[in-house]
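Peer 1: I'd like to ask you about the structure that follows.
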Amino acid sequence: MDVSYIIDPLNDEQRQAVCAPASNVLVLAGAGSGKTRVLVHRIAWLMQADNISAYSILAVTFTNKAAAEMRGRIERLLGMPSKGLWVGTFHGIAHRLLRAHWKEAELPQSFQIMDSEDQHRAIKRVIREMGLDDKRWVPREVQWWINARKDEGLRSHNIEHRNDNYLQHMVEIYREYEAMCQRNGALDFAELLLRAYDLWVKRPDILQHYQARFQNILVDEFQDTNTIQYAWIKLLAGQTANVFVVGDDDQSIYGWRGAQVENIYRFSKDYQNTSQFRLEQNYRSTGNILGAANALIANNTDRMGKELWTEGSEGELIEIYSAFNEMEEARYIVDKIIAWNEQGGLRSENAILYRSNAQSRVLEEALMQTGTPYRIYGGLRFFERQEIKDALAYLRLIANRADDASFERIVNLPTRGIGNKTVDLVRSYARANDVSMWQACIDLIANGDVTARAASALQFFIDLINTMQQGIENMELYEQIEHVIHHSGLITHYEKEKGEKGRNRIENLEELVNAGRSFEQDDWEESEMDMMSAFLAHASLEAGEGQASEGEDSVQLMTLHSAKGLEFKQVFMAGMEEGLFPHSRSADESGRLEEERRLCYVGMTRAMEKLVMTHAEKRRLYGEETYARPSRFLSEIPEEFVQHVRMQGTATPLTAQSQYSSNPVAEAAPVQLGQRVYHEKFGEGVVLNYEGEGRHARVQVNFDDIGSKWLMMEYANLIV
DNA sequence: GCGGAGACCCTTTTT
DNA sequence: GGGTCTCCGC
């Protein structure tokens, strides 16, 4: 068989990795070095050259996007559908296993997946029911703690707490939460992995089946695996499978959610006969961008050591722009994008990256003002929207009456006279008698234990759900959704919400019907599940990037985290300020700081042609004005790669001076342009510019050591 | 039981 | 700044 189409497009290093003899392989792949390409070609190689069946191959990724892309590229390369091949996220594959073996995993067949918000609500409820103070036991923190334990493979009974009061409480909450999930047939994200792992540990016969099948396991982004994922792979691999992992320790940015970079180092020890390959040739970025990124990341200790290089040109210098405040920063970025666009470039070739989602608002406003189309990734995703979750809760309750979380969400939405008191009553009856809240309603009505008014309201709700279930029998999936959003009263309810918000919600609900329709066409695979259950699981596992206006050429906005794996011709990194990036919460531990630096490295290496990093001296964030120094990461980039750009107008300070000199306030300024001043922290410098009056007066000083800065006269204490 | 007004809290990244 | 929660009047 001719396999040249598989190996010809590869460079030497890539080819060695792709064609490595069947054994364990660790590929250390730098940013832009063709990581996905190696995985895709390796799979094709296994099938075509080694004649391995697609059925014996399992490829695991972290995001749905990556999984979809890998599958698509494999199919394009082979020119046929990848039948039998398992490609998916850790969570998706765990879910698939649990659906197939729900009984052995001790789950109800109708088990549901909770997203983070569902989990948060559930934990909150547990804390309240235990009579604990949620000021002291903050649901968010507890949630975080429980997830971290699950990621380590620990259940409540595995955790020692001896005389530690705090731990003891945490473990108790954890235990109660576990019990509640089990009662309701609800699984959180971490539980999917843990259950799938436990399933194999408890049932060696099932494990053996999969071990025999998946003799070839491939893992993408290996540096992001956590303890349980590592253990899961290891269990599956057993003694005989060949494991091929690709990763980059410099791009490990998920330590905060349990990812263990150490897993890369461990790999060669845990898997015998591992051959190791390094991909350092970069096909993405210019020499200057790579030089800067290499220099930055060299500040981290604990690296496996890699240096990216390119055959391409040096390209343009990296631009560092010092803005005055966040609005000016945004305007600068948008202007550059518009210029790019006017010179014939696409808007979609531009990405604006930021550390935290809170930064996106100002950027959005600037884009909107200029009528520049944009698209935001992350933030609130489709299936996470309130109205969508309401609709899904109806569908879930129809599918599974024991789903208490869904019950609570919609029992009085739209309001139908079932208030907190009644719900409390239902909840405590359910707890006391160990039945679902649904069943509790039925019992309470039958026993006459509720007021006549509450009883009739509850009965109305029960009838509503039952009637809808009958109503949607024999309907197509999308018709079922349509039926439910109308008959539940959700549409009417949201129609009452005024303004654009309400209209959007209606549109989203209608979009949900469309989502059902396209799910039927594209995503539905025959399996143990009925289509509705599959759709509901899909809604939890894939938050749904799909937004409207996808077709339009638009600027891409996203956090640095979600930019990993992507590339853009021109990249803007906004908010390069101490406290924001590196984030203040990362300052205390050095490990966290290194992770921030890796995040910066990830951001920089997204750029193909041009990288612009901006910082603002003054920023309104979380409703408060803050002043921040430029990020230390900026000063870690050697000057040879950098071009500093100052605020517009300041490049010609003297003309600016003539404009201002007619201004009486400027004339009254305590400093003069061109004057030499001394600042306690920044040393000596020359006054370049001055503006504002009184308390708000600001002065720009070009310091001998650190360059130009805007300072508030009020605080600067300049010595003339 | 319902809805509005104001206090209160947080505030990184996501499958 | 804004989302959530609580309280209060209807």
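The values are calculated or read from the model by the stated rules, or taken from the named source; none is laboratory data. Not measured: the values here are computed from a predicted model. We place every Cβ from the backbone using ideal geometry, glycine too, and count neighbours over all the protein chains shown. When the accessible area is computed, the model is the full protein with side chains, heavy atoms only, and any ligands, DNA or RNA have been set aside. Shrake-Rupley method; radii C 1.70, N 1.55, O 1.52, S 1.80 Å.
Peer 1: With θ set to phi - 60°, apply the Karplus curve 6.51 cos²θ - 1.76 cosθ + 1.60 along segment A:330-339 and write out the HN-Hα couplings as whole Hz, x wherever there is a Gly or Pro.
Peer 2: Ordered by residue, 3J(HN,Hα) equals 5, 5, 4, 4, 5, 4, 5, 5, 4, 4 Hz.
Peer 1: For A:Tyr5 and A:Glu479, FRET efficiency with R0 = 45 Å and r from the beta-carbon atoms, rounded to 0.05?
Peer 2: 0.50
Peer 1: Pull out the extension gain between A:Glu316 and A:Gln48, defined as 0.36 nm times the separation in residues minus the alpha carbon to alpha carbon distance; nm, one decimal.
Peer 2: 92.3 nm
Peer 1: Right, here's the next one. Along Cα→Cβ, 7 Å out, is where each label goes; now give me the distance between the ones at A:Glu552 and A:Arg431 in nm to one decimal.
Peer 2: 4.9 nm
Peer 1: Right, next: For segment A:462-473, just list the computed ³J(HN,Hα) in residue order, Karplus coefficients 6.51, -1.76 and 1.60, θ = phi - 60°, integers in Hz, with x standing in for Gly and Pro.
Peer 2: Once rounded to whole Hz, the list reads 4, 4, 4, 4, 4, 5, 5, 4, 5, x, 8, 4.
Peer 1: At 1.4 Å probe size, put A:Leu593, A:Leu490 in order of accessible surface, largest to smallest.
Peer 2: Ranking A:Leu593, A:Leu490 by accessible area, largest first, yields A:Leu593, A:Leu490.
Peer 1: Same structure, new question: I'd like to check one number: the per residue accessible area of segment A:155-227, probe 1.4 Å, reported in Å² as a whole number.
Peer 2: Accessible surface, normalised per residue, equals 42 Å².
Peer 1: Ok, one more. What is the Rg over Rh value, at two decimals, for segment A:16-134, using alpha-carbon atoms and the Kirkwood definition of Rh?
Peer 2: 1.14
Peer 1: Quick check: Cα centre of segment A:342-419 to Cα centre of segment A:104-145, how many Å?
Peer 2: After rounding, the separation between the Cα centres reads 22 Å.
Peer 1: Let me ask something additional. Say a paramagnetic label sat at a point 7 Å from the Cα of A:Arg453, along Cα to Cβ; which residues of segment A:419-433 have their backbone N under 12 Å from it?
Peer 2: Once the point is set 7 Å along Cα→Cβ of A:Arg453, A:419-422 turn out to lie under 12 Å by backbone N, inside segment A:419-433.
Peer 1: Magnitude of the Cβ-charge dipole of segment A:146-185, K/R +1 and D/E -1, about the Cα centre, nearest 20 debye?
Peer 2: Its charge dipole is roughly 120 debye.
Peer 1: To the nearest 20 Debye, how big is the dipole of chain A about its Cα centre, given +1 on the beta carbon of each Lys and Arg and -1 on that of each Asp and Glu?
Peer 2: 1040 debye
Peer 1: Moving on to the next point. What angle, in degrees between 0 and 90 and rounded to the nearest 10, separates the Cα long axis of helix A:64-78 from the longest principal axis of the Cα atoms of chain A?
Peer 2: 90 degrees
Peer 1: For segment A:410-542, take the alpha-carbon Rg, divide it by the Kirkwood Rh, and send me Rg/Rh.
Peer 2: A ratio of 1.03.
Peer 1: Can you put A:Ser313, A:Ser488, A:Ser518 in order of accessible area, largest first, using a 1.4 Å probe?
Peer 2: A:Ser313, A:Ser518, A:Ser488
Peer 1: Which residues in segment A:62-92 have a backbone N closer than 14 Å to a point placed 7 Å from the Cα of A:Tyr55 along the Cα-to-Cβ line?
Peer 2: A:83-86, by backbone N distance to the label point.
Peer 1: For A:Ser116 and A:Asn325, FRET efficiency with R0 = 41 Å and r from the beta-carbon atoms, rounded to 0.05?
Peer 2: 0.80
Peer 1: Work out, in µm²/s and without decimals, the Stokes-Einstein translational diffusion coefficient of segment A:252-318 at 4 °C, 1.567 mPa s, Rh from Kirkwood over C-alpha pairs.
Peer 2: In µm²/s, the coefficient is 91.
Peer 1: Could I ask something else about it? How much length would be gained if the chain were fully extended between A:Arg592 and A:Arg183, taking 0.36 nm per residue of separation minus their Cα-Cα distance, in nm to one decimal?
Peer 2: 143.4 nm
Peer 1: Using θ = phi - 60° and the Karplus form 6.51 cos²θ - 1.76 cosθ + 1.60, what ³J(HN,Hα) does each residue of segment A:175-182 get, whole Hz, x for Gly and Pro?
Peer 2: 5, 4, 5, 4, 4, 5, 4, 5
Peer 1: Quick one: work out Rg over Rh on the C-alpha atoms of segment A:153-294, Rh as Kirkwood radius.
Peer 2: For segment A:153-294, the value is 1.07.
Peer 1: Tell me, what does the Kirkwood hydrodynamic radius of chain A come to in angstroms if you use every pair of distinct C-alpha atoms?
Peer 2: 28.8 Å
Peer 1: In whole Å and largest first, what semi-axes does the C-alpha gyration tensor of segment A:350-467 yield when each eigenvalue is scaled by 5 and square-rooted?
Peer 2: 43, 14, 13
Peer 1: Distance from a point 7 Å along Cα→Cβ of A:Lys496 to each backbone N in segment A:428-471: keep the residues under 12 Å and list them by number.
Peer 2: none
Peer 1: Also, quick follow-up: Using alpha carbon centroids, what distance separates segment A:161-192 and segment A:194-253, in Å?
Peer 2: Cα centroid of segment A:161-192 versus Cα centroid of segment A:194-253: 25 Å apart.
Peer 1: Now a separate question. Considering Cα pairs under 8 angstrom that are at least six residues apart, work out the relative contact order of chain A and quote it in whole percent.
Peer 2: 16 percent
Peer 1: Right, something else. Among rounded, prolate and oblate, which fits segment A:393-439 when a ≥ b ≥ c are the square roots of the eigenvalues of its C-alpha gyration tensor, a/c under 1.5 means rounded, and a/b larger than b/c means prolate?
Peer 2: Verdict is oblate for segment A:393-439.
Peer 1: Further question on the same structure: With only Lys, Arg, Asp and Glu charged, each at its Cβ (+1 for the first two, -1 for the last two), find how big the charge dipole of segment A:262-398 is about the Cα centre; round to the nearest 20 debye.
Peer 2: About 660 debye.
Peer 1: Let me ask something else about it. How far, in nm, would the chain grow between A:Gln272 and A:Arg140 when pulled straight, counting 0.36 nm per residue and subtracting the alpha carbon separation?
Peer 2: 43.4 nm
Peer 1: Also, I was wondering about something else. So how tilted is helix A:386-399 from the main axis of chain A? Cα-based, degrees 0 to 90, rounded to 10.
Peer 2: Roughly 20 degrees between the two axes.
Peer 1: Follow-up. Considering only A:Gln369, A:Ile410, A:Tyr354, whose Cα is most displaced toward the positive end of the charge dipole of segment A:352-410, charges sitting on Cβ of Lys, Arg (+1) and Asp, Glu (-1)?
Peer 2: The listed residue farthest towards the positive side: A:Tyr354.
Peer 1: Pick out, from A:Gly312, A:Gly255, A:Leu509, the residue whose Cα sits farthest towards the positive end of the charge dipole of chain A, with +1 on the Cβ of Lys and Arg and -1 on the Cβ of Asp and Glu.
Peer 2: About the Cα centre, the residue reaching furthest to the positive side is A:Gly255.
Peer 1: Could you tell me how many degrees, from 0 to 90 and to the nearest 10, lie between the Cα long axis of helix A:477-487 and the main elongation axis, the longest principal axis, of the Cα atoms of chain A?
Peer 2: So the helix axis and the longest Cα principal axis differ by about 90 degrees.
Peer 1: Still on this structure: Put a dot 7 Å past each Cα toward the Cβ at A:Leu464 and A:Gln369; how far apart are the dots in nm?
Peer 2: 4.5 nm
Peer 1: Show me the three semi-axes of the equivalent ellipsoid for segment A:93-232, from the C-alpha gyration tensor (sqrt of 5 times each eigenvalue), largest first, rounded to whole Å.
Peer 2: Sorted largest first and rounded, they come to 29, 17, 14 Å.
Peer 1: Please list, ordered by chain and number, the residues whose modelled amide H lies under 5 Å from the amide H of A:Gln643; skip anything fewer than 5 residues away on the same chain.
Peer 2: Amide H neighbours of A:Gln643: A:Ile318, A:Glu319, A:Ile320.
Peer 1: At 1.4 Å probe size, what's the solvent-accessible area of A:Thr240? Round to the nearest 10 Å².
Peer 2: 90 Å²
Peer 1: Separate question: Please work out whether segment A:300-412 counts as rounded, prolate or oblate from its C-alpha gyration tensor, where a ≥ b ≥ c are the square roots of the eigenvalues and a/c under 1.5 means rounded, while otherwise a/b larger than b/c means prolate and anything else oblate?
Peer 2: In terms of gyration-tensor shape, prolate.
Peer 1: Something else now. Under the rule of at least 5 residues apart or a separate chain, name every residue whose amide H is placed under 5 Å from the amide H of A:Thr89.
Peer 2: Under 5 Å from the amide H of A:Thr89: A:Thr61.
Peer 1: Here's another thing I want to ask about it. Please list, ordered by chain and number, the residues whose modelled amide H lies under 5 Å from the amide H of A:Tyr374; skip anything fewer than 5 residues away on the same chain.
Peer 2: Sorted by chain and number, the residues that satisfy this are A:Val555.
Peer 1: Round to a whole number: what % of the accessible area of chain A belongs to carbon and sulfur, probe 1.4 Å?
Peer 2: C and S fraction of accessible area: 48 percent.
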